[in-house]
Amino acid sequence: MTVEEILEFVRMGKLTIEEAKERILDLQIIKENLYDRESAKAEEREKGTAGYQELGYAKLDTARRQRTGFAEVVYCSGKTEEQLLHIYERIYQEEGEVLGTRASKEQYEALRPYFDSLTFDSLSHILKIEKTDKQYIGKIAVCTAGTADIPVAEEAAQTAEFFGSYVERIYDVGVSGIHRLISKLDNLQSASCVVAVAGMEGALASVIGGLVSNPVIAVPTSVGYGASMNGLSALLTMVNSCANGIAVVNIDNGYGAGYMATQINRLAAGDKR
């Protein structure tokens with residue numbers, strides 16, 4: 001009941017003035033309680049105790065590690081330098097480290113004065129602040145068909161390393177010289193999983209899938225001539241592979257491959273973080 005409705009009931013003689021006063025007072029108490037609850041919720045969001053921190057342009061998922069075992073990762077592309085600085089500050093306060101992907105050198109230069117341990121890799125475009133006492137578990141093999149695929153492979157490898165996986169890099173072992181791959185077969189078979197990064201026709205994942213008993217994560221890259229269609233040809237080859245045990249991520253998605261490889265590696269190593 002609103003104040004107007006209460007006054008109308010008084011005018012109609014359905015409520016006495018004393019009864020109207022009591023009801024108006026009840027309304028005020030209800031509104032104050034609602035305001036207090038909303039203020040408390042806003043304060044929780046600001047502090048992150050509600051599971052996320054409200055920044056206006058972003059809602060930092062402070063509870064992600066508790067839900068998934070991985071803290072929130074920052075996709076840097078498209079963010080202003082001011083937005084990125086505030087996001088890095090908040091995540092660093094919560095986690096003691098920050099991983100950002102698809103960053104630019106300009107973003108690195110803008111943030112560098114604020115973080116002593118900030119590093120930028122121009123090959124993988126990873127911008128990170130990382131703990132120095134990290135222990136690496138298990139083993140992930142990250143392979144490329146060619147040298148041109150290394151930027152995507154490094155995004156996968158450095159993502160996995162950031163999340164605590166030991167990574168062995170096996171680069172430039174494409175099918176045009178398959179003896180190079182065969183010479184590394186023991187390394188591949190001893191890994192918890194293999195990340196196969198390839199452009200052109202994307203055959204590397206199929207070949208590896210037929211040689212190992214562990215899962216293979218295929219990453220198509222946009223490397224190649226016109227008919228490769230910026231990675232679509234490699235993507236379709238990998239999706240249509242007749243080899244078993246192959247999962248495929250999106251074109252140039254090294255981060256997604258590194259994340260999934262870490263999940264597999266943690267399971268293989270019995271790590272339940």
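The mean sequence distance of close C-alpha pairs (under 8 Å, at least 6 residues apart), as a share of the length of the range 141-273, puts its relative contact order at 27 percent.
Exceedance of the 18 Å cut-off in Cα-Cα distance is limited, within the set 79/105; 105/128; 134/184; 79/128, to 134/184. Here's the list of aspartates and glutamates a cross-link from residue 59 could span, going by alpha-carbon distance under 12 Å and ignoring same-chain residues fewer than 8 apart: 46, 72.
Each Lys and Arg adds +1 at its Cβ and each Asp and Glu adds -1 at its Cβ; summed about the Cα centre, the chain shows a dipole of about 880 debye. Note on residue 134 and residue 89: their simple-model spin labels are 2.5 nm apart, each label 7 Å out from Cα toward Cβ.
In whole percent, what relative contact order does the range 107-183 give with Cα contacts below 8 Å and a gap of six or more residues? Could the numbers behind the result be given before it?
Working: 97 pairs, mean separation 21.1, N = 77.
For the range 107-183, the relative contact order is 27 percent.
R0 = 45 Å: FRET efficiency of residue 67 with residue 232, Cβ-based, nearest 0.05?
Working: r = 34 Å, r/R0 = 0.75.
The formula returns an efficiency of 0.85 here.
In the list [x] 63, 46, 34; [y] 98, 44, 42; [z] 56, 40, 28, the label attached to Cα extents along the principal axes in Å as derived from the coordinates here is [y].
Using the Cα centre as the reference, give the magnitude of the dipole from point charges on the C-beta atoms of the range 110-230 (Lys, Arg: +1; Asp, Glu: -1; all else neutral), rounded to the nearest 20 debye. Walk me through the numbers on the way to the answer.
Working: 8 positive and 12 negative charges, 23 e Å.
Computed charge dipole of the range 110-230: roughly 100 debye.
Hey, what number do you get for the chain at 222 nm if only DSSP H runs of n ≥ 4 count, each worth -39500 (n - 2.57), divided across all residues, to the nearest 500? Value at 222 nm, helices only, nearest 500: -13500 deg cm²/dmol. Equivalent ellipsoid of the range 101-205: semi-axes from √(5λ) of the C-alpha gyration tensor, largest first, are 29, 18, 8 Å.
Between the C-alpha center of the range 84-160 and that of the range 185-212 there is a gap of 24 Å. Ordering 186-193, 59-66 by mean Cβ neighbour count within 10 Å, with the highest value first, yields 186-193, 59-66.
Read-outs throughout are calculated quantities, based only on the coordinates presented, and are distinct from any laboratory measurement. Because the structure is predicted, anything quoted here is derived from the model rather than measured. Neighbour counts are summed over all protein chains in view; Cβ atoms, including those assigned to glycine, are modelled from backbone coordinates with ideal geometry.
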